[in-house]
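Undergrad: Next up is a structure, given as structure tokens.
No lab work stands behind these numbers, since they all come straight from the coordinates. The structure presented is a predicted model; accordingly, all values stated were derived computationally and were not measured. Cβ placement follows ideal geometry from the backbone for every residue including glycine, while neighbour counts extend to all protein chains displayed.
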Ligand SMILES: C[S@@+](CC[C@H](N)C(=O)[O-])C[C@H]1O[C@@H](n2cnc3c(N)ncnc32)[C@H](O)[C@@H]1O
């Protein structure tokens, strides 16, 4: 249980714990597979694969013959993803290699499905990333991405219902400023999901479909399921280590880059830490509950022979 990578310095390490295994309802993923006609798919590219969570979710609904290639810029994640596939005895079906999302190390028109989950939100230039994803998709193939609107999701929390309005506004303001600052620093916009359909249209993809992930990670005392235990353990661990959405140092950096004032950072951070401690205390007392919603868009489009692909 937990997160074997906690406090590891690689990108997103804080979010590669057990909670990531329960981001999707399996019957909903099966529905996506029918909508996307994945039964015809044989070659799949999972861009920014991390340790392979998203590829594995899709692997459950793809034909047995389908081969999933994961690519990530971080060699550490590539090594760990390959280790996990080997431990499951699936090294033939799941392959991993190092590569940049903006310069994918593959020939054009190579894959039936090119996909990513929570990677465009970290891209300096999501349009450039999408262009290269389209380049390696075969004509008629599918580009499908799962990207959130995290700032909308921030309001889906029990604390936001009970906490004083000014405190809620402080936390939402801090998150908005940080998201803008992160984007301004070239580290991606955490609510980019909202803009992805327009990017798909600009890049010439056709048959654009937009859905929402229907998974809510409900938390109810006494937190008996493995899934709920993983969630409350992660929340308690974040509170213990004073980790918000980002570390204090990153939050400060993003806050200032987004136009936040130095003096306001200290009080905003204190409010975030106080809210986080209250959650952890309620968990310890067995009084914390949450409906557990998120706003996760799933956007898909087809590459037509006429699709723009960065001029290459
Ligand atoms: C939030 S994680 C998502 C991992 C995986 N898609 C999942 O959902 O479990 C973002 C991943 O994208 C990778 N990444 C970020 N920017 C990238 C880029 N420009 N090229 C390739 N990988 C990138 C990071 O190393 C990290 O593993």
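Undergrad: Give me the angle, in degrees from 0 to 90, between the Cα long axis of helix 26-35 and the longest principal axis of the Cα atoms of the chain, rounded to the nearest 10.
TA: Result, in degrees: 40.
Undergrad: Tell me whether the range 218-268 comes out rounded, prolate or oblate; compute the Cα gyration tensor, take square roots of the eigenvalues as a ≥ b ≥ c, and use a/c under 1.5 as the rounded threshold.
TA: prolate
Undergrad: Can you order the peptides 151-158, 45-52 by their average number of other Cβ atoms within 10 Å per residue, highest first?
TA: Highest mean packing first, the order is 45-52, 151-158.
Undergrad: Beyond 23 Å, what percent of the Cα pairs of the range 1-147 remain?
TA: So the pairs more than 23 Å apart make up 31 percent of the total in the range 1-147.
Undergrad: For the chain, give me the percentage of DSSP beta bridges that are antiparallel, rounded to the nearest 5 percent.
TA: Taking every DSSP beta bridge with both residues in the chain, the antiparallel ones total about 40 percent.
Undergrad: May I ask you to derive the relative contact order of the range 1-147, considering only C-alpha pairs under 8 Å and at least 6 residues apart, and to give it as an integer percent?
TA: Over the range 1-147, the number comes to 21 percent.
Undergrad: Averaged over all directions, how much area does the convex hull of the C-alpha atoms of the range 12-72 cover when projected, in nm²?
TA: Its average projected convex-hull area is 4.2 nm².
Undergrad: Shifting gears a bit: What Kirkwood radius, in Å to one decimal, follows from the Cα pairs of the chain?
TA: Roughly 20.3 Å, rounded to one decimal.
Undergrad: Pick from 204, 99, 89 the residue whose mean-square fluctuation is largest in a GNM of the chain, springs joining Cα atoms under 10 Å.
TA: So, out of 204, 99, 89, the one fluctuating most is 89.
Undergrad: Something else now. Please report the relative contact order for the range 227-297, taking Cα pairs under 8 Å with a sequence separation of at least 6, and give it as a percent rounded to a whole number.
TA: Once divided by the residue count of the range 227-297, the mean separation gives 39 percent.
Undergrad: Using a 10 Å cut-off around each Cβ, can you sort 215, 80, 285, 303 from fewest to most neighbouring Cβ atoms?
TA: Going from sparsest to densest Cβ surroundings: 285, 215, 80, 303.
Undergrad: Something else now. Contour minus end-to-end for residue 173 and residue 98, with contour as 0.36 nm per residue of separation and end-to-end as the Cα-Cα distance?
TA: Full extension of this stretch gives 23.3 nm more.
Undergrad: If you line up the long axis of helix 262-285 against the longest principal axis of the chain, both from Cα atoms, how many degrees apart are they, to the nearest 10?
TA: The two axes meet at around 90 degrees.
Undergrad: Still on this structure: Take every Cα pair under 8 Å in the chain that's 6+ residues apart, average their separations, divide by the length, and report that relative contact order as a whole percent.
TA: Answer for the chain is 21 percent.
Undergrad: On to the next question. Helix 126-135 against the longest principal axis of the chain: what's the angle in degrees, Cα atoms only, rounded to the nearest 10?
TA: 30
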